[in-house]
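In what follows, a single structure is set out as structure tokens and then discussed.
The values are calculated or read from the model by the stated rules, or taken from the named source; none is laboratory data. These numbers were taken from a predicted model, which means no experiment stands behind them. Methodologically, a virtual Cβ is constructed for each residue, glycine included, from the backbone with ideal geometry; neighbour enumeration extends over all protein chains shown.
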């Protein structure tokens, strides 16, 4: 019995060594580029297969850019990931909204100026009327006899 146990242990040890050697040889062969990849010479030909993918692209560096004014972009001079220099035009805003706001502001200034002139004229008239003591305080719609 002792003799058979030694034979079984020897056979198992030999099988283990052979199996380990085969495994090491396969690992070394898998690291060799010629066996890992199918190599071919470069040829010119037609594309016979296309690949499409869905997903999200994320930039390597994300920079937040703020503006002093807002508006609709009329013309864009640079694209995503383009390098820009200080002072370079990046985009042009539509100025029609800003021009309309400027005209509205000018009209408001003229309106306020006219209101000031009317108030001055009323002040002058009130002084004249108060000097003559003919102004009636109860009715603002009646005019003084100045």
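Listing for the model above:
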read-out: Total residues in segment 58-88, condition in a loop (DSSP other than H, G, I, E, B) and surrounded by 10 or more Cβ atoms within 10 Å (Cβ to Cβ); value: 5
read-out: From the options 41, 50, residue that is within 30 Å of residue 81 (Cα to Cα), loosely packed, with under 10 Cβ neighbours inside 10 Å and within 44 Å of the chain's Cα centre (by Cα); value: 50
read-out: Options 120, 143, 131, 136; residue that is part of a helix (DSSP H, G or I) and modelled with pLDDT under 90; value: 131
read-out: Subset tally (residues that are in contact with a helix residue (DSSP H, G or I) (Cβ under 8 Å, 6 or more places away or on another chain) and either part of a loop (DSSP other than H, G, I, E, B) or under 30 Å from residue 82 (Cβ atoms) (or both)) for segment 2-38; value: 0
